[in-house]
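Written below as structure tokens is the structure these notes are about.
No value in this document is a laboratory result; all are computed from the given coordinates. These figures come from a predicted structure and were not determined experimentally. Here the Cβ is made from the backbone with ideal geometry for all residues, glycine too, and neighbour counts use every protein chain on show.
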Amino acid sequence: MKVLGNRASVDEAIWTTAQRLREFSYAQLAVEAKSNIDRVTRLVKEWQAAGKAEMIVAPAGRRRMFRVIAGGLPITAAIGSAQGNMWRAMRSCRSFCPTDLAMLASNDMVKVTVEDATAYCQMLNRANYLRVERKAVPPAREAIYRLIRNTGPGAPTLRRIRAVVDPNLNEIVHVAGGMQ
């Protein structure tokens with residue numbers, strides 16, 4: 001009986017880790033939860049059968065990825081953003097164009113336009129997260145990108161900061177949020 005209690009608490013810890021990660025592979029969840037990959041694989045299959053997790057579409061040759069489902073909706077869709085959805089799509093694709101990205105990142109709650117996807121790709125390309133595999137030839141052909149800097153599940157975003165600039169000193173004297 002004590003063994004079952006330990007198993008149940010370990011399984012619950014793995015579930016809690018999966019909820020924190022929201023999206024994960026078998027190996028990633030096993031490492032994060034400090035558990036055996038065979039146990040994690042069995043649990044994820046049970047969660048899928050119970051409707052608590054779903055497999056995310058993965059291209060051929062890529063590892064299987066899963067996402068936690070809460071109340072019938074994927075957690076990522078319930079609180080998702082266009083940039084978050086595009087980032088997740090980029091992480092699961094070998095290469096992509098903005099049209100592919102817009103299609104993969106859109107869902108019932110978040111609509112991503114090709115223009116949004118193009119702008120996000122261009123921003124990430126400038127920040128050295130993407131590499132251009134094939135240049136665009138407007139309007140005949142879109143650029144094709146490849147993710148080269150996968151830093152994790154959180155989507156990189158462009159932030160506008162509030163700052164005080166002194167033109168007399170020609171410097172930033174204060175950045176909102178405590179940085180100087």
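Label-point separation (nm) for residue 158 and residue 99, each offset 7 Å from Cα along Cα-to-Cβ?
For residue 158 paired with residue 99, the spin-label model returns 2.4 nm.
Mind listing the long-range amide H neighbours of residue 134? Cut-off is under 5 Å, sequence gap 5 or more, other chains count too, H placed in the peptide plane at 1.01 Å from N.
144
Can you give me the long-range amide H partners of residue 112? Hydrogens built in the peptide plane at 1.01 Å from N, cutoff under 5 Å, separation of 5 or more residues or another chain.
Long-range HN contacts for residue 112: 106, 107.
On a full-extension model of 0.36 nm per residue, what is the gain between residue 13 and residue 133, subtracting their alpha-carbon distance, rounded to one decimal in nm? Don't jump to the answer; show the numbers that get you there.
Values: separation 120, 0.36 × 120 = 43.20 nm, distance 4.12 nm.
Taking 0.36 nm per residue and subtracting the Cα distance, the gain is 39.1 nm.
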